[in-house]
Amino acid sequence: MPLGELARVYSGGTPSRGVPTYWGGGIPWVTTAEIDAGFIASARETITEAGLKASAARIAPPGTLLLAMYGQGKTRGKAALLRIPAAMNQACAAIEVGSRLDGRYLLYYLASRYDEIRSMSNAGSQENLSGELVRRIPIAVPPICEQRAIAALLSDADDLIAQQERTITKKQAIKQGVMQQLLAGRARLPGFTEPWVESRVGNFLEFKNGLNKASQFFGSGTPIVNFMDVMNGPFIAAADMEGRVTLTRDEIRRFSAKRGDLFFTRTSETVDEVGTAAVLIEDIPDATFSGFILRGRPHSAVCESRFIAYLFQIDSVRSQVTSAASYTTRALTNGRSLGRVVVRLPSLGEQCAISSVLEDSEAEISALRERLKKALSIKQGMMQQLLTGRIRLPVKQSAA
């Protein structure tokens, strides 16, 4: 059935920004930037009663679904449920459901039809939805008791996903804390007591700029370490390297990428993204590296490459990298600047032991991410089956 036959649909408004007395009151005022397929329990801005009366804004009750009719990027077509009474701007469609429609069911249903809803947009300089288009959205309407059962089941799946996300966040915070302690020498692993030695990175790494080739040479040929391979580090394996480039044998030799080589981001939009490190952990025949990164090849037995890759994540090292970077239209670093970075190194054995501890933590987090990915996939499959009626839930019908 068309949504307009099942719910009341209207939009909001924006009080004049030029009147200070319209803003900062006790009425939450929601914009499309706050709509993201969930629940809204607060708003970034508030308006006053005077602002409400002087504009097209109106207060929607809790349980109202807000649909973004336009907005930047992927905002258009997203929906969320109000948990509080709130006003909204004109870019939001407020949907007050009637007795034949459950709000949570509608939230999941619209989320499952996100791409279709976006495709309904008016053509023009900016693709938008309108109140009339929202009213035309076709909704599959099972009995209300089945809607609630579907919403409850999908909500349970969301709770599981949220729990897994919290666990990953907690594990990442723990790993970050352990990493800062171990890599700075503030905490020592059992059995290691030798003093750490201060050294410049240039004393054990030899830097080289990467390869620059015209666009027609990319897409096939030999594997190449690219910017995002390093950003996604701290380890780079053959399976991570999707880039390919056609080179001569001499170019492959001069810009070789070998197991144990460290790679550093050389240039980026922000200074925080330069000097990020990752280490190649596999031998890959004929592998090379791109001009957006630098190679740091160990020439001394005092360093273990995985340890150095981790070391470039801690605050004391990052601050040296960012303070020495230059910025014109893009942030830049180079081998000379990175070579001047001062680090403290334990014995090679302790470097390996610290790297192993951090790798174990990385592996645990990776396993949790895989479980999260599987849970998201299962939920997506549930939505496709339950919200189309291909699978029905055993629910008792209410008495007439």
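Odds and ends about this structure:
- For the chain, the longest principal axis of the Cα atoms and the long axis of helix 348-386 meet at an angle of about 20 degrees.
- Charge dipole (Cα centre; +1 on Lys/Arg Cβ, -1 on Asp/Glu Cβ; no other charges) of the chain amounts to roughly 440 debye.
- Based on DSSP H segments of at least four residues, each scored -39500 (n - 2.57), the chain has a per-residue ellipticity at 222 nm of -11000 deg cm²/dmol.
- Here the peptides 25-34, 156-165, 347-356 are ranked by packing, the mean other Cβ count within 10 Å, and the order with the highest first is 25-34, 347-356, 156-165.
- Packing order of peptides 167-178, 332-343, highest average first: 332-343, 167-178 (average count of other Cβ atoms within 10 Å over each peptide's residues).
- For the chain, the fraction of 1.4 Å probe accessible surface lying on carbon and sulfur atoms is 51 percent.
- Globularity index of the stretch 249-316, i.e. its alpha-carbon radius of gyration over 2.2 N^0.38 Å: 1.16
- Other residues with beta-carbon under 13 Å from the beta-carbon of Gln176 carry, at +1 per Lys or Arg and -1 per Asp or Glu, a net charge of +2.
- Under a model in which nothing but the beta-carbon of Lys, Arg (+1) and Asp, Glu (-1) is charged, the stretch 1-61 shows a dipole of about 180 debye around its Cα centre.
- Rounded to the nearest 20 debye, the dipole magnitude of the stretch 245-400 is 620 debye, with +1 charges on Lys and Arg beta carbons, -1 on Asp and Glu beta carbons, and the Cα centre as origin.
- Residues in the chain average 50 Å² of solvent-accessible surface per residue, probe 1.4 Å, ligands and nucleic acids excluded.
- Listed residue pairs exceeding 25 Å between alpha carbons, taken from Lys175/Lys373; Lys78/Lys170; Lys171/Lys374: Lys78/Lys170
- Coordinate range of the alpha-carbon atoms in the stretch 110-192 per principal axis, descending: 70, 43, 14 Å.
- Quotient of the Cα radius of gyration of the stretch 288-355 and 2.2 N^0.38 Å, N being its number of residues: 1.22.
- In the chain, the longest principal axis of the Cα atoms and the axis of helix 103-112 are about 50 degrees apart.
- The 3J(HN,Hα) values that the Karplus relation (6.51, -1.76, 1.60; θ = phi - 60°) gives for the stretch 9-15 are, in residue order, 10, 8, 10, x, x, 10, x Hz. Gly and Pro appear as x.
- Packing rank of 12-18, 82-88, where each peptide gets the mean count of other beta carbons within 10 Å, highest leading: 82-88, 12-18
- Listed by chain and number, the lysines whose alpha-carbon sits under 22 Å from that of Lys213, ignoring those within fewer than 8 places in the same chain, are Lys258.
- Evaluated at q = 0.13, 0.14 Å⁻¹: base-10 log I(q)/I(0), Debye formula over Cα of the stretch 187-314: -0.53, -0.61
- Considering the stretch 1-99, its Cα convex hull presents a mean projected area of 6.4 nm².
- The stretch 203-213 - phi-based ³J(HN,Hα) in whole Hz, Karplus 6.51/-1.76/1.60, Gly and Pro as x: 6, 10, 10, 9, 9, 8, 6, x, 8, 10, 9
- Equivalent ellipsoid semi-axes - Cα gyration tensor, the stretch 328-400, angstrom: 54, 22, 9
- Reported value for the stretch 247-400: 251 Å³ per residue, from the convex hull of its C-alpha atoms.
- The accessible area of Trp23, taken with all protein chains in place and a 1.4 Å probe, comes to roughly 50 Å².
- Alpha carbon convex hull of the chain, volume per residue in cubic angstrom: 218
- Karplus (6.51, -1.76, 1.60) ³J(HN,Hα), θ = phi - 60°, over the stretch 281-293, in Hz, Gly and Pro reported as x: 9, 9, 7, 10, x, 6, 5, 9, 9, 8, x, 7, 9
The values are calculated or read from the model by the stated rules, or taken from the named source; none is laboratory data. Just so it is clear, the structure is predicted and the values come from calculations on it, not from any experiment. So basically every Cβ, Gly included, is an ideal-geometry build from the backbone, and we count neighbours across all protein chains shown. Ligands, DNA and RNA are stripped out before the accessible areas are found, and what is left, the full protein with its side chains, is counted by its heavy atoms. Shrake-Rupley method; radii C 1.70, N 1.55, O 1.52, S 1.80 Å.
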